[in-house]
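Structure record follows, encoded as C-alpha cells.
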Amino acid sequence: MPSLRHTRRAPLLATAAVLLLPLAACGSSKETTDNGPRPTKKPTATVTPRPGDQKVTLLWKGEKRVYRVHTPPGYTRAGELPLVIALHPYPADGEAMAEISGLNAKADEENFLVAYPDGLNGGFNALICCGTEDDVGFIRTITKTLTRSWKADPERVYATGISNGGDMAYRLAVELPGTFAAIAPVSGGYLGTDAEKKTYVPRTPVSVMTFIGGLDEHYAAMDAGINTWQRRLSCEPDDRRQLKNGIKRTAATCRDGSEVVVHRLPRMGHSWPDGAGGSMSDPEAGINATDMMWRFFEKHTLDPSS
C-alpha cells in the first residue's frame, strides 16, 4: 500500500504513482538453488521439491530474482496441494512476509504450499508503487513452476499480501485471468491509475476477502477501492455482521459468481490482524486474518472452464 509508513518513506516513490504496465514475460538463461547453478531453457525452477523450506533464484529479464517455497511435513508430489502466493510489504522480502503472516505454521497444519516472492529492491510493481519490473510475469512464472514441477493444484491457487503486497494481489487478480481462485489483501487496496479505469476488472471470477484498518491513514482510499470493485462486478450484499472490537464484516455475491468479504477494523492501523510477528502484526486486532483467509480459500476453487 503506497505512502504508508512502511512503503512510502523513500523520496523516489513520489514519482511512482504512474502505473507501468507489465511487459510480456520472457525466458531466462539460468537459475540457481542453494546447491549451485543449474542451466535451464525456461525461467522455471527445477529444484527437487521436498518438505520444508527452499530458496530458489533465477535470472529474470536480466535481474536476479528470488522466491522461497514452504512445503508441509510429509509433502510429496503424489497429490496436488493448494498453493498460496504471499506478497510482502515495501521495503521487505519473503522472509519478512513469512514472519508477519504465520502462513508456514498454517500450511503445516492444513497441508498446503506457500510461495514467498521477493520484490526487486524490496518492492513489487503493484497498482501505485513500488518498482518498474514485470512482477506479474515473474509471479506467473512462479505459479506455473509450482503447479507443474511441485504439483500444486492449479484449481486451488490463491494470493495474499500486505500493503504493497496487498495492492499486488489485486493486480494479479485482474492481470492473470484464470490463475487465482481467490485473493486476500491485507491493508492493501484496489486503487491507482489503472484501477480508475472501468474496464480494469477480472475477466474470470476471483473471490476477495480483505482486511482494512480504520486507523490506517489510507483507510478511505482502500474502502473506496473495494466498494468500486463490488460496484463494477455487480456484487449484491447478502450478509452484514458486527464482530468483537467493533469490527464490521460484510459479504456480497457478485454477478460472475465470485464472493467479496470485507473486514473493517476500526481500532487497527496499517497491520496484519493478529499476525505472527514483526512490526506490522497487530495482536490486539480482535480477529486472526491468517485463519480467516485460509477458511475462505478452502471454499473457493477455480473453474477451469471460465
Inset, instruction - Report, in whole Å, the centroid distance computed from the Cα atoms of the range 218-279 and the range 146-169. - result: 20 Å
Legend entry - Proxy reagent accessibility, fewest Cβ within 10 Å first, across Ser187, Ser281, Ser101, Ser207: Ser281, Ser207, Ser101, Ser187
Inset, instruction - Compute the length gained on full extension between Lys299 and Arg240: take 0.36 nm times their separation in residues and subtract their Cα-Cα distance, giving the result in nm to one decimal. - result: 19.4 nm
Legend entry - the range 255-306: trypsin sites (Lys or Arg not before Pro) falling in loop per DSSP and having at most 13 other Cβ within 10 Å: Arg255, Lys299
Inset, instruction - Can you tell me how much longer the chain between Arg267 and Thr76 gets when fully stretched, taken as 0.36 nm per residue apart minus their C-alpha distance, in nm with one decimal? - result: 64.5 nm
Legend entry - Dipole magnitude of the range 216-262, debye to nearest 20 (Cβ charges: Lys/Arg +1, Asp/Glu -1, about Cα centre): 160 debye
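Rule-based calculations on the coordinates, nothing more; no lab input. Only a predicted model underlies this, so the values are computations on that prediction, with no experimental measurement involved. Every residue, glycine as well, gets a Cβ built from its backbone with ideal geometry; the counts of neighbours run over all protein chains shown.
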